[in-house]
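Remarks on the structure that follows.
Read the figures in this text as sums done on the coordinates, not as results from a lab. As the structure is a computational prediction, the values presented were derived from the model and not from experiment. Please note: Cβ atoms are built from the backbone with ideal geometry, for glycine as well, and neighbour counts cover all protein chains shown.
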Amino acid sequence: MSMVHQQSERRRSITIGISGGSGAVYAVRLLELLPRFYECIDVVLSPSARVVFRQELDMEAPESGLWQLPGMSKEEGEQVVVWEPNNYDAPFASGSNCAEQMVILPCSMSTVASIAHGVEQNLMHHAAGVTLKERKDLILVPRETPLSAIHLRNLTTLAEHGVAIIPAMPGFYGGQKTFDDLINFVLQKIFNRLRLDVRLSKKWGDRQTQNSE
Ligand SMILES: Cc1cc2nc3c(=O)[nH]c(=O)nc-3n(C[C@H](O)[C@H](O)[C@H](O)COP(=O)(O)O)c2cc1C
């Protein structure tokens, strides 16, 4: 199941952070879909994220500039702009020009800790802090297991400040069978939180309807 429509009225921009948690594939799949919904997708990757891209996807993520991912047209690739993690000229570094929504996926426990404690070690942490202070939408997709009490406290701190915590923790109740199904399950949760009308994964009611047929 996959229903992704090109939006005729696209939103202006979204900020995407990619840190060094496992699951670089989530970031790739999300980025490939976003140009249909946003005119500009600003991306910042941590140096560790670039290592994970090599390790998990055998892919070299750009340090800066335009980024045409495998599933993108040339035009879509021109909507995706990568900013170096120490470049505070990025528009989303300031509350005067930050996007309405920011997603960090995967989100490492190190980045969770930095944001939870206001320790802005790079552009990604800073942008998350700006998103919080401006009371815009911040969505984190943490990936770690097991979680220590320190991880849980940091995640709780962020949840208490209105951050959406969507763990990279796919469910199996919708008949998921393939690797793509599991990725889509997590992406669906992100799209729901972004309030975008995208259907990548069955809803619970869909399954019940199917069973009763
Ligand atoms: C292949 C690979 C996978 C990793 N997976 C995770 C992970 O799932 N969760 C996590 O918190 N850290 C993970 N790490 C460790 C982080 O990359 C490391 O803590 C790093 O300092 C995070 O920095 P960043 O938050 O600036 O990206 C992984 C590292 C590598 C090389």
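Please list, by residue number, every one of the chymotrypsin sites (Phe, Trp or Tyr not before Pro) in region 111-213 that is coil in DSSP and has at most 15 other beta-carbon atoms within 10 Å.
Sparse-neighbourhood loop chymotrypsin sites (Phe, Trp or Tyr not before Pro): 172, 173.
Looking at region 76-112, which chymotrypsin sites (Phe, Trp or Tyr not before Pro) are in a loop (DSSP not H, G, I, E or B) and have at most 15 other Cβ atoms within 10 Å?
Values: sites: 83, 88, 92; in loops: 88.
Those satisfying the criteria are 88.
Each label point is 7 Å from the Cα along the Cα-to-Cβ direction; what then is the distance between the points at residue 193 and residue 161, in nm?
Placing both labels 7 Å along Cα→Cβ, they lie 1.5 nm apart.
What number, in nm² with one decimal, is the all-direction average of the projected area of the convex hull of the alpha-carbon atoms of region 77-213?
Details: hull surface 41.2 nm².
For the Cα atoms of region 77-213, the hull's average projected area reads 10.3 nm².
Can you figure out the FRET efficiency of residue 119 with residue 5, using R₀ = 35 Å and their beta-carbon distance, to the nearest 0.05? Before the final figure, lay out each step's value.
On the way: r = 40 Å, r/R0 = 1.14.
Between residue 119 and residue 5 the formula returns 0.30.
Tell me the relative contact order for region 11-169 as a rounded percent, counting alpha carbon contacts under 8 Å between residues six or more apart.
Details: 313 pairs, mean separation 39.4, N = 159.
Relative contact order comes out at 25 percent.
Can you list the lysines whose alpha carbon sits under 20 Å from that of residue 136, skipping same-chain ones fewer than 8 residues off?
List returned: 189.
FRET efficiency for residue 178 and residue 97, Cβ-Cβ distance as r, R0 = 41 Å, nearest 0.05?
Values: r = 40 Å, r/R0 = 0.98.
That gives a FRET efficiency of 0.55.
Using θ = phi - 60° and the Karplus relation 6.51 cos²θ - 1.76 cosθ + 1.60, list the HN-Hα couplings for region 87-95 in order, rounded to whole Hz, with x at every Gly or Pro.
9, 8, 6, 4, x, 6, 6, 10, x
Apply 1/(1 + (r/R0)^6) to the Cβ-Cβ distance of residue 57 and residue 89, taking R0 = 30 Å, and write down the FRET efficiency to the nearest 0.05.
Values: r = 28 Å, r/R0 = 0.94.
The calculated FRET efficiency here is 0.60.
Quick one: which residues, 5+ away or cross-chain, put their amide H under 5 Å from the amide H of residue 11? H built at 1.01 Å from N.
38, 39
Apply the Karplus parameterisation 6.51 cos²θ - 1.76 cosθ + 1.60, with θ equal to phi minus 60°, to every residue of region 16-29 and state each ³J(HN,Hα) to the nearest whole Hz, in sequence, with x for glycine and proline.
Result, ordered by residue: 10, x, 10, 10, x, x, 5, x, 4, 4, 4, 5, 4, 5 Hz.
At most 11 other Cβ atoms within 10 Å and a DSSP loop assignment: could you name the trypsin sites (Lys or Arg not before Pro) in region 51-140 that fit? Mind showing how you got there, number by number?
Working: sites: 54, 74, 133, 135, 136; in loops: 135, 136.
Those that pass, being in a loop and sparsely packed, are 135.
Could you order the peptides 148-158, 111-121 from most to least packed, using the average number of other C-beta atoms within 10 Å per residue? Don't skip to the answer; put the middle values down first.
Values: 148-158: 14.7, 111-121: 18.6.
Descending packing order for the listed peptides: 111-121, 148-158.
For region 11-169, what proportion of DSSP beta bridges, expressed in % and rounded to the nearest 5, is antiparallel? Walk me through the numbers before you get to the answer.
Values: 2 of 23 bridges.
Percent antiparallel among DSSP bridges in region 11-169 is about 10.
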